[in-house]
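Enquirer: I have a structure here, written as structure tokens, and I will follow up with some questions on it.
The values are calculated or read from the model by the stated rules, or taken from the named source; none is laboratory data. What you see is a predicted model, and the numbers here were worked out from it, not measured in a lab. Please note: Cβ atoms are built from the backbone with ideal geometry, for glycine as well, and neighbour counts cover all protein chains shown.
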Amino acid sequence: MLKALMEFQPDVIHITGLNDVSIVGAYLAWKLQMPLLGSWHTNVHEFA
């Protein structure tokens, strides 16, 4: 993923929810010093 991001050179990294892939995305944004945008699309408390 790091190589692909470096080749693509996005302006921002957007993650949705908290899962394994979004954690990697957040880490890569930190590592590459890129802006990180996060959004949540599920009302988890309604499923409890």
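Enquirer: Applying the selection to segment 13-30, what residues are of a type in the set (Val, Ile, Thr), touching a helix residue (DSSP H, G or I) at 6+ places or on another chain (Cβ under 8 Å) and more than 19 Å from Thr42 (Cα to Cα)? Give the derivation first.
Expert: Applying the first criterion (of a type in the set (Val, Ile, Thr)) to segment 13-30 yields 13, 15-16, 21, 23-24.
Now drop any that are not touching a helix residue (DSSP H, G or I) at 6+ places or on another chain (Cβ under 8 Å), which leaves 13, 15-16.
Answer for segment 13-30, where residues must be of a type in the set (Val, Ile, Thr), touching a helix residue (DSSP H, G or I) at 6+ places or on another chain (Cβ under 8 Å) and more than 19 Å from Thr42 (Cα to Cα): just Ile13.
Enquirer: Sticking with this one: Does segment 36-45 contain at least one residue that is aliphatic (A, V, I, L, M) and either surrounded by 12 or more Cβ atoms within 10 Å (Cβ to Cβ) or modelled with pLDDT of 95 or more (or both)?
Expert: Of segment 36-45, the ones aliphatic (A, V, I, L, M) are 36-37, 44.
Next cut, either surrounded by 12 or more Cβ atoms within 10 Å (Cβ to Cβ) or modelled with pLDDT of 95 or more (or both) only: 36-37.
The answer is yes; a qualifying residue exists.
Enquirer: Something else now. Condition check: at positive phi, under 11 Å from the mean Cα position of the chain (by Cα) and in contact (Cβ under 8 Å) with a residue 12 or more places away in the chain. Does Gly38 satisfy that?
Expert: Numbers: at positive phi: no; under 11 Å from the mean Cα position of the chain (by Cα): yes; in contact (Cβ under 8 Å) with a residue 12 or more places away in the chain: yes.
So Gly38 does not fit the description; no.
Enquirer: Which residue is farthest from the chain's Cα centre (by Cα), if the candidates are limited to segment 13-22 and must be modelled with pLDDT under 95 and either under 13 Å from Leu2 (Cβ atoms) or part of a helix (DSSP H, G or I) (or both)?
Expert: Filtering first and then ranking leaves Asp20.
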